[in-house]
Amino acid sequence: MLTLTGEKLYLRALEPEDLDFIYEIENNESIWEISATQTPYSRFLIKQYLENAHQDIYEAKQLRLVMVNNKKESIGLIDLFEFDPKNKRVGVGLLIAKNEHRYKGYGKEALQLVCSYAFKHLHVHQLFANIGEENEASIKLFESLDFIKIGVKRDWTFVNSEFKNEILYQKIAE
């Protein structure tokens, strides 16, 4: 699908072969704060999740895509979540799995591709993102693609014995 193909990477649906990749990401405690995860996932549960990943976004209300670079390496995930076709909005979040793939433009291109897909194919009016106040890289990324800060959720997440703020960003269709 051309909408999901860029110069540095393409976005594709989840495949059964992604089991180890997803398992590694979902069980990486250093990113649990971002995904609001509190417990590890078994290979069995992830296998079941992958078996049901074929559900349409209108049914599941979410879509998870794998970011694949030109070397055919799976480097991250980008999610559309809380899809609300009635109100024409969807949330977006992304993760580059390893440091070696960060700060190379992959996140920006993936976000551009998924925004284009959401506006063109899902006909949403707006996308939104929830970003931890201390996540400067994500803030810079989303702002570079014209997401606007519309609010701060004070003391929104409780991590490592302290409350943290979360910023709500929004991008409305032109």
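The values are calculated or read from the model by the stated rules, or taken from the named source; none is laboratory data. Computed from a prediction, not measured in an experiment: that's the story for all the values here. Methodologically, a virtual Cβ is constructed for each residue, glycine included, from the backbone with ideal geometry; neighbour enumeration extends over all protein chains shown. Surface accessibility is based on the protein's heavy atoms, side chains included, excluding ligands, DNA and RNA. Shrake-Rupley method; radii C 1.70, N 1.55, O 1.52, S 1.80 Å.
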Among (1) within 15 Å of Gly6 (Cα to Cα); (2) surrounded by 12 or more Cβ atoms within 10 Å (Cβ to Cβ); (3) not charged (D, E, K, R), which single condition is Leu94 missing? (1)
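Within the range 36-46, is even one residue at pLDDT below 95, under 22 Å from Thr157 (Cβ atoms), assigned to a strand (DSSP E or B) and of a type outside the set (Ser, Thr, Tyr)?
Taking the range 36-46 as the starting set, the residues that turn out to be at pLDDT below 95 are 36-46.
Then drop every residue that is not under 22 Å from Thr157 (Cβ atoms), which leaves 36-41.
Now narrow it down to the ones that are assigned to a strand (DSSP E or B): none.
No.
Here's the yes/no breakdown for (1) within 18 Å of Lys8 (Cα to Cα); (2) in a loop (DSSP other than H, G, I, E, B); (3) more than 13 Å from the chain's Cα centre (by Cα):
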| site | (1), (2), (3) |
| --- | --- |
| Lys104 | yes, yes, yes |
| Lys108 | yes, no, no |
| Phe119 | no, no, yes |
| Leu127 | no, no, no |
| Phe158 | no, no, yes |
| Lys164 | no, no, yes |
| Glu174 | no, yes, yes |
Does the range 39-51 contain any residue that is open to solvent by 20 Å² or more (accessible area, probe 1.4 Å), farther than 20 Å from Lys171 by Cα and under 13 Å from the mean Cα position of the chain (by Cα)? no
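Quick check on this structure: which one of Ile78, Ile96, Ile139 is of a type in the set (A, V, I, L, M, F, W, C) and over 19 Å from Glu26 (Cβ atoms)? Walk me through it before giving the result.
Numbers: Ile78 fails: over 19 Å from Glu26 (Cβ atoms); Ile96 fails: over 19 Å from Glu26 (Cβ atoms).
That would be Ile139, the only listed residue that is of a type in the set (A, V, I, L, M, F, W, C) and over 19 Å from Glu26 (Cβ atoms).
Just checking, how many residues over the range 76-102 are small (Gly, Ala, Ser), modelled with pLDDT of 95 or more and closer than 18 Å to Tyr10 by Cβ? Give the steps one after another, and end with the answer.
So in the range 76-102, the residues small (Gly, Ala, Ser) come out as 76, 91, 93, 97.
Within this subset, residues satisfying the condition of being modelled with pLDDT of 95 or more are 76, 91, 93.
Now drop any that are not closer than 18 Å to Tyr10 by Cβ, which leaves 76.
Adding up the residues that qualify gives 1.
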All positions within the range 107-117 that are surrounded by fewer than 17 Cβ atoms within 10 Å (Cβ to Cβ) and in contact with a helix residue (DSSP H, G or I) (Cβ under 8 Å, 6 or more places away or on another chain): Ser116
Give just the number: which of (1) at pLDDT 75 or above; (2) surrounded by 12 or more Cβ atoms within 10 Å (Cβ to Cβ) does Glu29 not satisfy? (2)
Condition set among the hydrophobic types (A, V, I, L, M, F, W, C) and open to solvent by less than 40 Å² (accessible area, probe 1.4 Å), scope the range 133-174, selection nearest to Leu122 (Cα to Cα): answer is Ala173
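Quick one: which residue in Lys104, Lys8, Lys61, Lys120 is of a type in the set (Lys, Arg), without any contact (Cβ under 8 Å) to a residue 24 or more places away in the chain, closer than 24 Å to Tyr169 by Cβ and open to solvent by 40 Å² or more (accessible area, probe 1.4 Å)?
Working: Lys104 fails: without any contact (Cβ under 8 Å) to a residue 24 or more places away in the chain; Lys8 fails: without any contact (Cβ under 8 Å) to a residue 24 or more places away in the chain; Lys120 fails: without any contact (Cβ under 8 Å) to a residue 24 or more places away in the chain.
Every option except Lys61 fails the conditions.
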